[in-house]
Amino acid sequence: MEKTLVLLKPCTVQRGLVGEIISRFEKKGLKLIGMKMMQLTDEILCEHYSHLREKPFFGILKDSMKATPVLACCWEGIDAVRVVRTMTGSTNGRNADPGTIRGDYCMSNQQNIVHASDSLETAAVEIKRFFKEEELFEYTPSNLNFMYALDEM
Ligand code: IDP
Ligand code: MG
């Protein structure tokens, strides 16, 4: 099964939406295998958003990601990376489809509720960036046979 990284951004913590957002992933049937609250630093953000280093909004983006601690979550499931990205919606909340997290909960291009890994390769790197091996857990959900058909697992 795939694993993917989700960060609940400071805007989500400030707006009291942590429970609602986690609940969406839980109800979908994704399995939570790691979660922790973390204060992000310039160092980790420069790595995490290295593809945006040259952008004029990079400083504001880093500041917004340091405004409060974030919740880092690792979710597991079949095709989890794609499923979580689809649930997240497009970057700008004003353009994101209704029904997606960004489409339902935000009006911003930057204060957009969650970060979600965008590929299997990125997910592997990002999970390592935010979690130590011993902070991720293996367990069998008791309802697994009702989440997936036997020939899907
Ligand atoms: P993603 O979060 O949808 O994968 P990325 O392009 O990887 O989008 O950008 C990372 C984050 O940087 C976005 O979630 C958003 O917070 C911020 N960001 C991206 N583009 C802009 C922009 O044009 N203005 C302000 N912030 C932006
Ligand atoms: Mg991205």
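Given C-alpha coordinates of the chain, what is the ratio Rg to Rh with the Kirkwood estimate of Rh?
Ratio of gyration radius to Kirkwood radius: 0.96.
With +1 on each Lys and Arg Cβ and -1 on each Asp and Glu Cβ, how big is the dipole of the range 1-140 about its Cα centre, in debye rounded to the nearest 20?
Dipole about the Cα centre, nearest 20: 420 debye.
Between Leu52 and Asp104, how high is the FRET efficiency from 1/(1 + (r/R0)^6) when r is the Cβ-Cβ distance and R₀ = 25 Å? Nearest 0.05.
That gives a FRET efficiency of 0.55.
For the range 24-139, what does the relative contact order come out to in percent, with C-alpha contacts under 8 Å and a separation of six or more?
Across the range 24-139, relative contact order equals 26 percent.
Can you tally the net charge around Phe137? Count Lys and Arg as +1, Asp and Glu as -1, for every other residue whose Cβ sits under 13 Å from the Cβ of Phe137.
Net charge in that neighbourhood comes out at -1.
I'd like to check one number: the per residue accessible area of the chain, probe 1.4 Å, reported in Å² as a whole number.
56 Å²
Using a 1.4 Å probe on the protein chains only, how many percent of the accessible area of the chain belongs to carbon and sulfur?
52 percent
How long are the three semi-axes of the equivalent ellipsoid of the range 38-89, in whole Å, if each is the root of 5 times an eigenvalue of the C-alpha gyration tensor, listed from largest down?
Those come to 24, 14, 10 Å.
Just want the answer: with Cβ charges of +1 for Lys and Arg and -1 for Asp and Glu, which residue in Met87, His51, Phe130 is farthest toward the dipole's positive end in the range 49-134?
His51
The values are calculated or read from the model by the stated rules, or taken from the named source; none is laboratory data. Computed from a predicted model, the values in this text were never measured in an experiment. Cβ coordinates were reconstructed from backbone atoms using ideal geometry, including for glycine residues, and neighbour counts include every protein chain displayed. Ligands, DNA and RNA are stripped out before the accessible areas are found, and what is left, the full protein with its side chains, is counted by its heavy atoms. Shrake-Rupley method; radii C 1.70, N 1.55, O 1.52, S 1.80 Å.
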